[in-house]
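The values are calculated or read from the model by the stated rules, or taken from the named source; none is laboratory data. Every value quoted in this text rests on a predicted model; they were computed, and no experiment measured them. Don't worry about glycine lacking a Cβ; one is built from the backbone with ideal geometry, like all the others, and counts go over all protein chains shown.
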Amino acid sequence: MKASDLFVKALENEGVEYIFGVPGEENLDFLQSLKNSKIKLIVNRHEQGAGFMAATYGRLTGKPGVCLATLGPGATNLVTPAAYAQLGGMPMLMITGQKPIKKSKQARFQIIDVVGMMRPITKYTKQIVDGNNISSNVREAFRLAMEEKPGAVHLEFPEDIAQEDCDESVFEVVGHIIPKPDDKAIAKAVEMIHAAKMPLLLIGAGANRKVTCDALRDFVDHTGIYFFTTQMGKGVIDERHSQYLGTAALSSYDFIHAAIEEADLIINVGHDVIEKPPFFMKNNGKKVIHVNFSPAEVDPVYFPQLNVVGDITSSVKKLTEHTLVQENWDFDFYKKVTKEVAEHLSKYFLDERFPMLPQRLVNLLRKKLDSKDIITLDNGIYKLWFARNYTCYEPNTLLLDNALASMGAGLPSAMMVKMLYPDRNVVAVVGDGGFMMNSQEIETAVRLGLHLTVIILNDNAYGMIKWKQQDMGFDDFGLDYKNPDFVMYAESYGAKGHRPQNDADFQEILHHCLEDKSVHIIDLPVDYSLNHPILNVMLKEKTKKL
């Protein structure tokens, strides 16, 4: 069997549905083998778009998304998606081509050490040097990509190896069972929870990956313990729950931080230091229980007193089974925080000024979308408003990246979501800066016939950095630019462009976009004037008084 045919057969054996990519000369044997496969090839307009789509597939399915690029510049363009998947815990396989390795045809033209480049940002990277090793290399790559913590893996497939004859064989797909937690660790955790006066539950990305909704909700309902989430942990428990305190979106001086400061025990489920440094871990007598698939890495800002290692769902179920409601628990302060949060977050929901406040957009989208509809975010200051103010009713219905926090992922991520969930409304909310980094993927979305709404928050600047610049007292400098006419830009790709003139106009346009099954681009002017006074000034004053 031809080696490239065997590679495709090995991918089929792993259940691969799609390959996203930008093929090159060194991929042509693989491309020919893929032609007659049941695997669907999605041709992207940039390798970053392909990588972000593959990572999002992995994030939502738990199975590695697969992307394809050629050697050299094609491979280097996958570096950002590789880091995005690796830090975010998203299983993804990258396949890159390479010149012949047994007999050089073009000296060092386009050749770099791709395997060496990928090594620091993947769980596994390997050049295939023998066609007979393809099956074992593919199986190992998939195994490592899916094992906790999931991440990126890479295989380099040289042109001459792809043309070899090799044995026809694939490896049986064997799943991995995550061990259950140690009973002694559970007993110690229960002892710490019982002894605490103000325990507090934190839900992180790991809990969202395995969707431990029922187990965590039962724990909260059984104990009455209040909870908050990281940005990537949103929605694991319906955020309309009476014990929900909010989402940690800022690094300090938010209502969440006031609650954290008062807590004497944090039960940390599924969170690791990559999401954001766990700002609450100070050597001030506060105790931390680390509940995760693997032990905590000791860090200057994170040193839990107990590790409960194993399957998260099993751990939480055992904690629920053995934890008893204690008379010494005092949640009055948390009740005060929830009241403050409710009043603060909704303050500008009805403000109809135009350009539109991000808080208003959050409110309009929440009212318009069903519980299972999905918003994907790029990275910008609006991400903080959505993380803090958008109420998730179900897991993975607000997709954002707070690990690598790369710009340019919002649109490709939304495209992948729509392919996986064609019956749900999908809205991408992106900044003008992040949108332009991969805006060429509009053509891909149109070609695929996706029904997608993209809202571009237009401020002609890198707004997140401006916010930080102002907070640091620096001059307004170096962060402004001019945008294209986004309506004409959308239409040049075959999408439909819209530019609302006021609040009511936007609501009518949004309704039309959600109903009309096309790719829609909404150029929405945004008002960021309240970023600094609220996030940098008012919150500091308000939370100090709690």
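Taking segment 397-408 only, how many residues are over 24 Å from Gly449 (Cβ atoms) and either crowded, with 24+ Cβ neighbours inside 10 Å or not small (Gly, Ala, Ser) (or both)?
Start the filter on segment 397-408 by keeping residues that are over 24 Å from Gly449 (Cβ atoms), which leaves 398, 400-407.
Checking which are either crowded, with 24+ Cβ neighbours inside 10 Å or not small (Gly, Ala, Ser) (or both) leaves us with 398, 400-402, 404, 407.
Summing the residues that are over 24 Å from Gly449 (Cβ atoms) and either crowded, with 24+ Cβ neighbours inside 10 Å or not small (Gly, Ala, Ser) (or both) in segment 397-408 gives 6.
Among the residues of segment 203-218, those identified as part of a loop (DSSP other than H, G, I, E, B) and either touching a strand residue (DSSP E or B) at 6+ places or on another chain (Cβ under 6 Å) or surrounded by fewer than 24 Cβ atoms within 10 Å (Cβ to Cβ) (or both) are Gly204, Lys210, Val211. Of all positions in segment 409-421, none carries a residue that is under 23 Å from Ser252 (Cβ atoms) and either buried (at least 21 other Cβ atoms within 10 Å of the Cβ) or in contact with a Leu (Cβ under 7 Å, 6 or more places away or on another chain) (or both).
Take the residues in segment 366-383 that are under 13 Å from the mean Cα position of the chain (by Cα) and part of a loop (DSSP other than H, G, I, E, B); name whichever of them is modelled with the lowest pLDDT.
Kept after step one, since they are under 13 Å from the mean Cα position of the chain (by Cα), are these residues of segment 366-383: 374-379, 383.
Those still in the list that are part of a loop (DSSP other than H, G, I, E, B) too: 378-379.
Details: Asp378: 97, Asn379: 94.
So the residue we want is Asn379.
For segment 310-323, indicate whether the set of residues that are closer than 24 Å to Lys544 by Cβ and in contact with a Lys or Arg (Cβ under 7 Å, 6 or more places away or on another chain) is non-empty.
Going through segment 310-323, the residues closer than 24 Å to Lys544 by Cβ turn out to be none.
Checked against the condition, which is being closer than 24 Å to Lys544 by Cβ and in contact with a Lys or Arg (Cβ under 7 Å, 6 or more places away or on another chain), segment 310-323 yields no hits at all.
Can you name every one of the helices (runs of 4 or more DSSP H) wholly within segment 470-546 that holds 1 or more residues which are surrounded by fewer than 17 Cβ atoms within 10 Å (Cβ to Cβ), of a type in the set (Asp, Glu) and at pLDDT 95 or above?
Numbers: elements: 486-492, 503-515, 539-544.
Hits in segment 470-546: 486-492, 503-515.
The residue list Thr397, Thr320 contains one member that is within 30 Å of Thr61 (Cβ to Cβ), within 23 Å of the chain's Cα centre (by Cα) and not hydrophobic (A, V, I, L, M, F, W, C), which is Thr397. Any residue at all in segment 432-439 that is closer than 26 Å to Thr229 by Cα and outside the structural domain of Thr230 (by TED's automatic domain parsing)? There is at least one residue in segment 432-439 that is closer than 26 Å to Thr229 by Cα and outside the structural domain of Thr230 (by TED's automatic domain parsing). If you check Lys197, Lys149, Lys180, which single one turns out to be under 30 Å from Tyr334 (Cα atoms) and either hydroxyl-bearing (Ser, Thr, Tyr) or outside any helix (DSSP H, G or I) (or both)? Exactly one residue qualifies, and that residue is Lys197. For Met94, the conditions (1) assigned to a strand (DSSP E or B); (2) out of contact with any Cys (no Cβ under 6 Å at 6 or more places or on another chain) all hold with the exception of (2). Mind checking whether some residue in segment 126-133 is under 30 Å from Lys318 (Cα atoms), in contact (Cβ under 8 Å) with a residue 12 or more places away in the chain, among the small types (Gly, Ala, Ser) and buried (at least 19 other Cβ atoms within 10 Å of the Cβ)? So far as segment 126-133 goes, no, none of its residues is under 30 Å from Lys318 (Cα atoms), in contact (Cβ under 8 Å) with a residue 12 or more places away in the chain, among the small types (Gly, Ala, Ser) and buried (at least 19 other Cβ atoms within 10 Å of the Cβ).
Going by the conditions given, is Ile112 surrounded by 17 or more Cβ atoms within 10 Å (Cβ to Cβ) and β-branched (Val, Ile, Thr)? So Ile112 does not fit the description; no.
Considering each residue of segment 412-422 in turn, at least one proves to be assigned to a loop (DSSP other than H, G, I, E, B) and in contact with a His (Cβ under 9 Å, 6 or more places away or on another chain).
For segment 310-341, taking the residues that are surrounded by fewer than 19 Cβ atoms within 10 Å (Cβ to Cβ) and among the hydrophobic types (A, V, I, L, M, F, W, C), the one that is farthest from Arg388 (Cα to Cα) is identified as Leu324. If I filter segment 159-173 for residues that are over 30 Å from the mean Cα position of the chain (by Cα), β-branched (Val, Ile, Thr) and in a loop (DSSP other than H, G, I, E, B), do I get at least one hit? So far as segment 159-173 goes, yes, one or more of its residues are over 30 Å from the mean Cα position of the chain (by Cα), β-branched (Val, Ile, Thr) and in a loop (DSSP other than H, G, I, E, B).
Would you mind stating whether Asp221 is part of a helix (DSSP H, G or I) and more than 18 Å from Tyr334 (Cβ to Cβ)? If you could, list the steps in order and put the result at the bottom.
On the way: part of a helix (DSSP H, G or I): yes; more than 18 Å from Tyr334 (Cβ to Cβ): no.
No: the conditions fail for Asp221.
Name the one entry in Thr247, Thr230, Thr223 that is out of contact with any Leu (no Cβ under 6 Å at 6 or more places or on another chain), over 22 Å from Leu87 (Cβ atoms) and surrounded by 20 or more Cβ atoms within 10 Å (Cβ to Cβ). Of Thr247, Thr230, Thr223, the one residue that is out of contact with any Leu (no Cβ under 6 Å at 6 or more places or on another chain), over 22 Å from Leu87 (Cβ atoms) and surrounded by 20 or more Cβ atoms within 10 Å (Cβ to Cβ) is Thr223.
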